[in-house]
Each structure stands twice: as C-alpha cells, then as structure tokens.
Amino acid sequence: MDKVPITTRGFAALEEELKHRQQVERQRIIQAISEARALGDLSENAEYHAAKEAQSHNEGRVMELESMIARAEIIDVTKLSGSKIKFGATVQLVDEDTEEEKTYQIVGEPEADVRSGRVSITSPIARALIGKGVGDTVEVTTPGGGKSYEVVAVRFGG
C-alpha cells in the first residue's frame with residue numbers, strides 16, 4: 001500500500017467527512033429506508049430504491065475514506081521551509097502570455113481543489129514546479145495547450 005502525502009488540514013477534512021458519513025448520513029439513510037419500507041410494495045417503491053442507492057453510495061465513500069486515511073502520510077506544512085518548490089509549498093506564478101497571476105498550494109490528491117487554489121502533487125503543473133525556485137520558468141502541457149509560467153514567490157506555512 002503506497003503512502004499518500006496529505007497536509008494536516010486535508011487529513012482533518014477526511015476524518016471529518018468520514019465521521020459525518022458514519023454518524024449522520026448512515027442514520028439518515030437507514031431512517032429513509034425504514035420509512036420507504038413502511039409504504040408497502042418494494043418492487044415499485046421509488047423512495048426505497050433511491051434510499052438503497054444512497055446507502056450504497058455512502059458506504060462506498062466510507063470505504064474510500066477509510067482507505068485514504070489508512071494510507072495517509074501527514075505532512076505539517078507549517079514546519080516546512082526552503083526556496084525550492086516541494087509538497088506543501090504555496091507558489092505564486094505569472095502566466096508569461098497573459099501576465100495573469102495565479103497562486104497554488106501543492107497538496108495531496110484527496111484534498112486537491114483547483115478552484116480553491118490547491119493542486120494535486122500528481123497534476124501536470126505540480127510535477128513541472130517541483131524543484132524549481134523564484135525566477136524559474138516552467139512549461140506546462142495542459143488540455144488547452146502549452147502554458148509558460150514564471151515562479152515569482154514560494155512560501156511555506158499553510
């Protein structure tokens with residue numbers, strides 16, 4: 001089983017989601033199944049089938065979360081430092097074509113959310129950035145074509 005790097009904040013979010021799914025969602029779904037059963041004929045009972053599907057989805061996600069938590073290698077980014085980009089770094093980039101600034105934190109796959117500025121360590125942009133420093137230029141192949149970025153800041157600490 002390969003370890004998966006994850007920030008302290010990302011690990012806490014996984015644990016919180018697991019707890020919610022086990023203690024809240026499970027109970028809600030069991031109640032919905034019970035109420036649907038009370039309606040009678042299960043073969044044509046849409047509420048029952050929807051509740052059973054929700055139960056299957058929830059239990060699948062619980063198993064997925066348990067697996068991620070078991071494989072997690074928690075990295076406290078507040079204790080990291082340096083001038084080179086590595087896991088946990090928050091990187092400020094300038095698109096060399098549009099002069100648009102972007103800021104990304106390199107995080108583990110389970111916590112990646114591009115809209116929130118968190119990119120997975122396995123993403124093309126993170127792989128291109130690893131080992132680079134301020135002033136370096138990186139070329140990234142994206143689905144929309146090649147992009148060129150200049151690294152203008154690297155910081156650690158969350």
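The values are calculated or read from the model by the stated rules, or taken from the named source; none is laboratory data. What you see is a predicted model; the values in this text were computed from it and never measured. Note that we place each Cβ from the backbone using ideal geometry, even for glycine, and neighbour counts take in every protein chain shown. Protein only, heavy atoms only, side chains kept; ligands, DNA and RNA dropped before computing areas. Shrake-Rupley method; radii C 1.70, N 1.55, O 1.52, S 1.80 Å.
Got the relative contact order for the range 24-78 handy, in percent, Cα pairs under 8 Å and 6 or more residues apart?
Numbers: 23 pairs, mean separation 17.7, N = 55.
Averaging sequence separation for qualifying contacts and normalising by length gives 32 percent for the range 24-78.
Using a probe of 1.4 Å on the protein chains alone, the accessible area found for GLU35 is around 110 Å².
For the chain, the share of DSSP beta bridges that are antiparallel, to the nearest 5, is 70%.
The long axis of helix 46-71 is offset from the longest Cα principal axis of the chain by roughly 40 degrees. Separation of the range 10-59 and the range 103-158 by C-alpha centroid, Å? After rounding, the separation between the Cα centres reads 37 Å.
Legend: calculated FRET efficiency, THR103 to ASN58, from the Cβ-Cβ distance at R0 = 35 Å, rounded to 0.05, equals 0.50.
Across GLY108, GLY144, GLY40, mean-square fluctuation computed from a Gaussian network of the chain (C-alpha pairs under 10 Å connected) peaks at GLY144. Considering all C-alpha pairs of the range 6-73, those separated by over 15 Å amount to 57%. Computed from phi, the 3J(HN,Hα) profile of the range 124-129 under the Karplus parametrisation 6.51, -1.76, 1.60 (θ = phi - 60°) reads x, 5, 5, 4, 5, 7 Hz, with x in place of Gly and Pro.
If you count Lys pairs in the chain whose Cα atoms are under 20 Å apart, skipping same-chain pairs closer than 8 places in sequence, the total is 10.
Given contacts defined as C-alpha pairs under 8 Å and at least six residues apart, what's the relative contact order of the range 1-57, whole-number percent?
29 percent
Please label the shape of the range 99-158 as rounded, prolate or oblate, based on the square roots a ≥ b ≥ c of the eigenvalues of the alpha-carbon gyration tensor (a/c under 1.5 means rounded; beyond that, a/b larger than b/c means prolate, else oblate). Note, shape of the range 99-158 comes out oblate. Ellipticity at 222 nm from helices only: DSSP H runs of n ≥ 4 in the chain, each -39500 (n - 2.57), divided by the residue count, give -11500 deg cm²/dmol.
Note on the chain: GNM, Cα springs under 10 Å; of PRO110, PRO143, PRO124, the largest mean-square fluctuation is that of PRO143. Per residue, the average separation of C-alpha pairs within less than 8 Å and at least 6 apart gives the chain a relative contact order of 25 percent.
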